[in-house]
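Heads up, the thing below is written out as structure tokens.
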Amino acid sequence: EENKNPGEIGSCLDNTRDEWIAKDLEGWLSLHEFYPGVVEKLKQLMVSEVKPVIVTTKEGRFVRSLLQKQGVNLPETDIIGKECKRPKYETLRMLLAASGAGTIIWFVEDRLKTLLSVQKQSDLKEVELFLADWGYNTQKERESVTQYPPIHLLSSTQFCQDFYTWKEGRRKREEGRS
């Protein structure tokens, strides 16, 4: 209907998805694919000293179902979806507070606008910010990352590699300018 607000549309979508999942979970799951290497990287992280936490604008239960289908069984508390009803920077703040001093958070996000909102938070300056060059961003946004030095551009190839490679792109760009 034309008179529905975004909240009503989102709720309708969630309800339709719920019905579909209830009737045909396997069919629904089969239509979703992860970017190459992401599932393997998550599995690798789960058996390391690193604690992966997923902060998403999607319903946590849907993300949980998709991950479980791939054999990734993160604790329920480590998938924070839109049901938490707070901006991602607030969630990062809570994760930092809960983790204690010395905690290092590397935040990978595919929306530049979200990273810029985190960057504006003076108490989150220690959070490393990465714009995933896949997902919901444009070439123009990816190119603009050089204007925001704390934000690193991250390719899907880098994501699947060791963490020390994650900042290489910025280092190489900076070396090329000097």
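Values computed for the structure shown
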{"item": "Sorted by Cβ neighbour density within 10 Å, fewest at the top, the residues Lys120, Lys69", "result": "Lys120, Lys69"}
{"item": "With Cα atoms, 0 to 90° folded angle of helix 60-69 axis to the chain main axis", "result": "90"}
{"item": "Residues Lys51 and Ser11, FRET efficiency given R0 of 41 Å [Cβ-Cβ distance, rounded to 0.05]", "result": "0.80"}
{"item": "Nearby lysines by direct alpha-carbon distance to Lys41 (threshold 19 angstrom, same-chain neighbours under 8 apart not counted)", "result": "Lys51, Lys69, Lys167"}
{"item": "For the range 118-129, Karplus couplings with θ = phi - 60° (6.51, -1.76, 1.60), whole Hz, Gly/Pro x", "result": "5, 4, 6, 7, 4, 8, 10, 4, 7, 6, 7, 10"}
{"item": "Shape category assigned to the range 92-148 from the gyration tensor of Cα positions, a/c cut at 1.5", "result": "prolate"}
{"item": "Calculated [θ] (222 nm, deg cm²/dmol) that DSSP helices of n ≥ 4 give over the chain, each run adding -39,500 (n - 2.57)", "result": "-14000 deg cm²/dmol"}
{"item": "Cα gyration tensor shape of the chain, rounded if a/c is under 1.5, else prolate or oblate by comparing a/b with b/c", "result": "prolate"}
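Each reported figure results from applying straightforward, stated rules to the coordinates on display, with no laboratory input. Worth saying up front: this structure is predicted, and the values here are computed from it rather than measured. Every residue, glycine among them, receives a Cβ derived from its backbone with ideal geometry; neighbour counts consider all protein chains shown.
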